[in-house]
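Report on the structure given below.
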Amino acid sequence: MLTILALASVILLGIVPQQSEAIVIYTGWERHALVGSDIRLSCSFFSWRWTSDDVTFSWSYRADGARDSISVFHYTGGSPYVDNKGPFRDRLEFVGNPGRRDGSILLKNLDYGDNGTFTCDAKNPPDIVGRASSVRLLVFEKVPIQAGVITGAIIGAVLGLLVLVVVIYYLMRFLVARRVFNLSVSKHGKKGKGKEGSQQRQ
């Protein structure tokens, strides 16, 4: 009897625990940047629920060649916390908007040593189950031309060459036709003059 009453009171008070659902986290795949420049690393998530006041974002970093990751940033309780001992302690800024499910960070004054993988994890209670997403950062003295840009340039050059060939072809046809027409008119003109001369002699 007591158990039934307790269950009824829980339902009436609306304190039935909410079930957790999966959360999907998104970052870029790979980012390129120049030495000395700044770059924004984006992180967002999808959840079926409204954005919770207890939403959290965490960023970790694993340098190229390193085995372990280190925590570099954490957002919780409405406040951002930057690791004050790591490689980005003076060069990391939180530029996201948690209310819009944005946990982006800004890395400043990049160097070659910043090459590595950055991983973002987010929680939107009660949705706390999800797979973290990672983005790889590559820092160059000069940003390399990507394969897509090279392919586009080659295709553009080929199309330009084809258009040029077609234009030259039709131009040659026009010039040849014009020359044939001029020769034909010239021959007819000479024949006409010859007939007029013979008629006058007669």
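All of the numbers you see were taken from the coordinates with simple rules; none came from a lab. Not measured: the values here are computed from a predicted model. FYI the Cβ positions are ideal-geometry reconstructions off the backbone, even for glycines, and counts take in every protein chain you see.
Couple of notes before you dig in:
- The stretch between Phe181 and Asn109 holds 18.8 nm of extra length on full extension. This uses 0.36 nm per residue minus the Cα-Cα distance.
- Cβ-defined net charge surrounding Phe45, 13 Å radius [Lys, Arg +1; Asp, Glu -1]: +1
- Rounded to the nearest 0.05, the FRET efficiency derived from the C-beta distance between Arg100 and Val163 at R0 = 35 Å is 0.15.
- Across the range 104-111, computed HN-Hα scalar couplings (Karplus, 6.51 cos²θ - 1.76 cosθ + 1.60, θ = phi - 60°) run 6, 10, 10, 9, 10, 6, 5, 9 Hz from first to last residue, x flagging Gly and Pro.
- Residues whose amide H comes within less than 5 Å of that of Asp102, counting only those at least five positions distant or on another chain, are Asn97 (H built at 1.01 Å from N in the peptide plane).
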